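This report refers to the structure that appears directly beneath it.
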Amino acid sequence: MASSTKRPRPGASATPEASEAPGAVDGADASGASDASEVAEPEAAEPEAAEEVGVPVPHVRVAVVGAGFGGLGTAVRLRRAGITDFVVLERADSVGGTWRDNSYPGCACDVPSHLYSFSFAPNPEWPRSFSGQPDIRAYLEKVATVFRLRPHLRFNAEVLEARWESEHTRWRITTTAGQWTADAIVSASGPLADPQIPDLPGLSGFTGKVFHSSRWDHDYDLTGKRVAMVGTGASAAQIIPSIQPRVGKLTVFQRTPAWVLPRRDREITQLEKWLHGRFPVTGKLRRGTLFALRELQVDAFVRRPGLLRAVQRLAEHHIAQGVADPALRAKLTPDYRIGCKRILLSNTYYPALAAANTEVVASGLREVRGSTLVAADGSEHEVDAIVFGTGFHVTDMPIGARVFGANGTSLAEEWKEGMEALRGSTVHGFPNLFFVIGPNTGLGNSSMILMIESQLNYVVDALTTLDSIGAAAMQPTIRAQRQWNLELQHRMDRTVWSTGGCRSWYQDESGKNTVLWPGSTTAFRRATRKVDLGEYELIMRTTPATASASVQTPAVQGVGA
């Protein structure tokens, strides 16, 4: 999978026990899963007591939203910082996030396995250089067990509302499992969490089966069926080759073709696994090499897109090898510079599109009439099932409508002109609300785990700094947030995502790129190493009858190198 979602799927099979997981973290981790912060402590308060009349709502130091990579990473780092009074609120019934929800055929990661894992939880047992969804999900289950996170997990606890209470300098969180109050919230629900299905005329009257790629219906047998695949993004590029051999007819609705490069995937040998397990330095060396190669690519994406011409020639050769028909090849060849939209990796995508039972409709889907799909070009196609690979609510994250800040305004309203945050992590007007994978922290060429760990450095430093200075909360100044984003968008203007001649899901309705980071992961790590109090207003703890008092210092820093 090339990055995907965060919700439970109907009919999901039970997750294997962590001890049986094939892609599991090895042992208790050399970096301290058994350190002083791992001693037994009281579990975070349960909410059920709040339902009893007169019993106060349970309070925690930190409430983490989401139990995917971001949420579990946050939990590990909190424990290591000595903060054990926290809960992880997860709306599904297990951990995994994206890698729990996306279980479609062929689902795998397009980032090498040894780079797509926590630096503090290396996994010497990855089975392939690009591992599949079951192995990544098993890895996350093992992380939850090895780092003793399960006492903090609250499943089936979807956040319905989070509201800042200025009179108490805390958050009140309402979930499907009850209420909590918290000094701080870390939102790790992720931008690829809620599937987006187009509002097509007649869709509700479709007589067949309909589902989104991130809500795959495993009980529905596609064998021999006439199937429509709507979309040709990262998930579709994995689904199409997986289902094409067994469906009767596959109709692919393509609005914009993607550039595709060969996927250099292979099985990792037993010798390699032994070496990485017996001599961990070899695993670190492998990870370091993968990291360095991707850092070297950054300049082409963010400063000198012309350097991507050689890569584009490789992609053109890849199309020529996989598609013999010149008419089909023309349909599948993009008219924008490679890198402007997400680059896909596949050795089987083009042969599947060129198969006799596949038809590529180079036009978006316009409407549905019974069992007939009508394309924008007027062509009609009879199908039994529709699979939407149409992405997610990324630039309009649904959690924004559920979070209300100091002045009672929702985050969605605050972001109506486009998402923005200070260093991708905090937002003015929303004290002690921290993001993991916040605005402009996405990547186009490397591992999001690198960005997650950088933001965790920032969050933990913020929380420990508040404790050390005796403040209750913090929020970025308007000036600091504005300056950071003005400089960030200025740098975005010269990237391939802005100059490559395409429209992508990285951009909001106004064309502003609020998703990607226009720099290297090293630069982001420097920018989020420590909190600069000169960028923040500090809020001191108050009594219920006293208004919040804030302390502000004027220094402001820029985006960083």
Within the chain, helix-based [θ] at 222 nm, where runs of 4 or more DSSP H residues each add -39,500 (n - 2.57), nearest 500: -8000 deg cm²/dmol
20 °C / 1.002 mPa s Stokes-Einstein diffusion coefficient of the stretch 270-369, Kirkwood radius on C-alpha pairs, µm²/s: 125
Sum of side-chain charges, Leu345 neighbourhood, beta-carbon under 12 Å (Lys, Arg +1; Asp, Glu -1): +1
Gain on full stretching of the segment that runs from Ile478 to Leu160 - 0.36 nm per residue minus C-alpha separation: 111.7 nm
Per-residue ³J(HN,Hα) for the stretch 505-514, Karplus 6.51 cos²θ - 1.76 cosθ + 1.60, θ = phi - 60°, Hz, x for Gly and Pro: 6, 6, 9, 7, 4, 7, x, 7, 7, 10
Folded to 0 to 90 degrees: helix 69-80 orientation relative to the chain principal axis, Cα: 30
Degrees, to the nearest 10: 309-322 long Cα axis against longest axis of the chain: 50
Rough spin-label spacing in nm, given labels placed 7 Å along Cα→Cβ, for Thr465 and Thr282: 4.2
Partners for Lys284 among lysines (Cα-Cα distance below 17 Å; same-chain residues under 8 apart left out): Lys273
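Determine the equivalent ellipsoid of the stretch 421-546 by diagonalising the alpha-carbon gyration tensor, then write out the semi-axes as square roots of 5 times the eigenvalues, largest first, rounded to whole Å. Don't jump to the answer; show the numbers that get you there.
On the way: eigenvalues 177, 50, 26 Å².
Those come to 30, 16, 11 Å.
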Under 5 Å, built H, 5+ apart or other chain: amide partners of His59: Thr181
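Taking the Cα centre as origin and putting +1 on Lys and Arg beta-carbons and -1 on Asp and Glu beta-carbons, what dipole magnitude results for the stretch 257-373, to the nearest 20 debye?
500
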Phi to ³J(HN,Hα) by Karplus 6.51 cos²θ - 1.76 cosθ + 1.60 over the stretch 446-456, Hz, x for Gly, Pro: 9, 8, 5, 5, 5, 5, 4, 5, 5, 5, 5
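Return one whole number: the accessible area per residue of the stretch 189-244 in Å², for a 1.4 Å probe. List each step's numbers first, then the result.
Numbers: 2130 Å² over 56 residues.
So the stretch 189-244 comes to 38 Å² accessible per residue, rounded to a whole number.
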Per-residue SASA entry for Thr409, accessible area with 1.4 Å probe, Å² rounded to 10: 40
Set of lysines with alpha-carbon distance to Lys512 below 26 Å, sequence-local pairs under 8 removed: Lys6, Lys341, Lys416
Solvent exposure ordering (accessible area, 1.4 Å, most first) of Met448, Met474: Met448, Met474
With every protein chain in place, the chain: carbon and sulfur % of accessible area (1.4 Å): 53
The stretch 284-357-the stretch 360-396 distance, computed between alpha-carbon centres (Å): 25
Cα-projected label distance for Leu296 with Asn407, points at 7 Å along beta-carbon direction, nm: 5.0
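Quick one: of Lys142/Lys209; Lys225/Lys331; Lys249/Lys331, which pairs are farther than 27 Å apart, Cα to Cα? Write down the numbers at each step before the final one.
Values: Lys142/Lys209 35 Å; Lys225/Lys331 25 Å; Lys249/Lys331 19 Å.
Going by Cα-Cα distance, Lys142/Lys209 fall outside the 27 Å limit.
What's the local net charge at Trp259, with K and R +1, D and E -1, over the other residues with C-beta under 10 Å away? Present the calculation step by step, with values, prior to reporting the outcome.
On the way: positive: Arg337, Lys341, Arg342; negative: Glu316.
Its environment carries a net charge of +2.
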Cα radius of gyration and Dmax for the chain (Å): 23.8, 75
Leu411, Leu200, ranked by accessible area, largest first (probe 1.4 Å): Leu200, Leu411
log10 of Debye I(q)/I(0), alpha-carbon scatterers only, for the stretch 178-280 at 0.20, 0.23, 0.24 Å⁻¹: -1.14, -1.38, -1.46
Cα-only Debye scattering, the stretch 148-227: base-10 log of I(q)/I(0) at q = 0.21, 0.27 Å⁻¹: -1.08, -1.37
Net charge over other residues, Cβ less than 12 angstrom from the Cβ of Ile478 (K, R count +1; D, E count -1): -2
Rounded to the nearest 20 debye, dipole of the stretch 357-488 from Cβ charges on Lys, Arg, Asp, Glu: 500
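The values are calculated or read from the model by the stated rules, or taken from the named source; none is laboratory data. Just so it is clear, the model here is predicted, and its values are computed rather than measured. Counting neighbours? That spans all protein chains shown, and the Cβs are built from the backbone with ideal geometry, glycine included. Keep in mind that these areas ignore ligands, DNA and RNA; they rest on the heavy atoms of the full protein, side chains included. Shrake-Rupley method; radii C 1.70, N 1.55, O 1.52, S 1.80 Å.
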